[in-house]
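K.L.:
One structure, pasted below without further comment.
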Amino acid sequence: MNIQQHERIVRIKKLSRGLYLALTGTEYLLWLVWPLALAWLWLGTKGTITLLEHSMDAASLGFLQRCLIVAVISVLLLLLIKVARHLRQLMLHFAEGDIFNRQAIGHARKALHHALGIYGIYLLSSLTMALYIFITHQSFDFSLNGNFILGLIIFGSMYILLWALEIGCDLNEESELTI
């Protein structure tokens, strides 16, 4: 094995171990924040809630509005926890040097699909908030910012990386059969 390539693999393993630990902390933090955020959203009367650049007073929220916000935040946090968990497992495979296998690809695919779910909720929330403002204030103020295009670029890049992992796995399996 080439020494330079070997050193690169050692650095990838070390960085992957650090990312694994960071993602573990992130997952536990999300589990802690979830009930606190829901309690504040459900019971809070002080402060403002800003959703997609539209602020609302917490005291002025009705029962239905609180139910919808709690449901959306719960789904988002659950998806975030799932993304963190699958990325954490993917980094564990990388830290062990076992990159090109079906389990690692499965974790990468699941993390990507859950992240796409979060992006879909973001887009749906943007549309819903624009309709809500139109209905309540009789003004239409919907703007498409760079987040939409940036999301498409990021998810396109992530799919390319997933496909590269799948090709590497197929090549790895073929080389094992050849040997």
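K.L.:
Based on what the data block shows, is residue 76 in a helix (DSSP H, G or I) and open to solvent by 40 Å² or more (accessible area, probe 1.4 Å)? Quick ask: steps written out before the conclusion?
P.N.:
Working: in a helix (DSSP H, G or I): yes; open to solvent by 40 Å² or more (accessible area, probe 1.4 Å): yes.
It is true that residue 76 is in a helix (DSSP H, G or I) and open to solvent by 40 Å² or more (accessible area, probe 1.4 Å).
K.L.:
Consider residue 134 against the criteria (1) open to solvent by 80 Å² or more (accessible area, probe 1.4 Å); (2) modelled with pLDDT of 85 or more; (3) among the aromatic types (Phe, Trp, Tyr): it satisfies all of them except one. Which criterion is unmet?
P.N.:
It is condition (2) that residue 134 fails.
K.L.:
Report, by residue number, each residue of region 93-111 that is assigned to a helix (DSSP H, G or I) and more than 18 Å from the chain's Cα centre (by Cα).
P.N.:
Residues of region 93-111 assigned to a helix (DSSP H, G or I): 93-95, 102-111.
Within region 93-111, 93, 94, 95, 102, 103 qualify.
K.L.:
Do the conditions hold for residue 164, that is, is it of a type outside the set (Phe, Trp, Tyr) and under 30 Å from residue 31 (Cα atoms)? Break it down into steps so the answer makes sense when it comes.
P.N.:
Values: of a type outside the set (Phe, Trp, Tyr): yes; under 30 Å from residue 31 (Cα atoms): no.
In short, no.
K.L.:
Give 95, 108 a once-over and let me know the one that is closer than 25 Å to residue 13 by Cα, open to solvent by less than 60 Å² (accessible area, probe 1.4 Å) and touching a residue at least 60 places away in the same chain (Cβ under 8 Å). So that I can check it myself, show each step before the final result.
P.N.:
Values: 108 fails: touching a residue at least 60 places away in the same chain (Cβ under 8 Å).
That would be 95, the only listed residue that is closer than 25 Å to residue 13 by Cα, open to solvent by less than 60 Å² (accessible area, probe 1.4 Å) and touching a residue at least 60 places away in the same chain (Cβ under 8 Å).
K.L.:
What tally of residues in region 1-48 results from selecting those that are of a type in the set (S, T, N, Q) and at pLDDT below 90?
P.N.:
5
K.L.:
While we're on this one: Within the group 175, 125, 157, 139, which residue is of a type in the set (Gly, Ala, Ser) and either touching a strand residue (DSSP E or B) at 6+ places or on another chain (Cβ under 7 Å) or touching a residue at least 40 places away in the same chain (Cβ under 8 Å) (or both)? First the steps, then the outcome.
P.N.:
Working: 175 fails: either touching a strand residue (DSSP E or B) at 6+ places or on another chain (Cβ under 7 Å) or touching a residue at least 40 places away in the same chain (Cβ under 8 Å) (or both); 157 fails: either touching a strand residue (DSSP E or B) at 6+ places or on another chain (Cβ under 7 Å) or touching a residue at least 40 places away in the same chain (Cβ under 8 Å) (or both); 139 fails: either touching a strand residue (DSSP E or B) at 6+ places or on another chain (Cβ under 7 Å) or touching a residue at least 40 places away in the same chain (Cβ under 8 Å) (or both).
Exactly one of 175, 125, 157, 139 is of a type in the set (Gly, Ala, Ser) and either touching a strand residue (DSSP E or B) at 6+ places or on another chain (Cβ under 7 Å) or touching a residue at least 40 places away in the same chain (Cβ under 8 Å) (or both), namely 125.
K.L.:
Cβ-Cβ below 9 Å, separation at least six or inter-chain, first residue in region 8-31 and surrounded by 15 or more Cβ atoms within 10 Å (Cβ to Cβ), second charged (D, E, K, R) and part of a helix (DSSP H, G or I): which pairs?
P.N.:
The qualifying pairs are 19/88; 20/88; 23/85; 23/88; 24/88; 26/88; 27/85; 27/88.
The values are calculated or read from the model by the stated rules, or taken from the named source; none is laboratory data. Remember, predicted model here, so these are calculated numbers, not experimental data. Methodologically, a virtual Cβ is constructed for each residue, glycine included, from the backbone with ideal geometry; neighbour enumeration extends over all protein chains shown. Quick note on the areas: whole protein, heavy atoms, side chains included, nothing else; ligands and nucleic acids left out. Shrake-Rupley method; radii C 1.70, N 1.55, O 1.52, S 1.80 Å.
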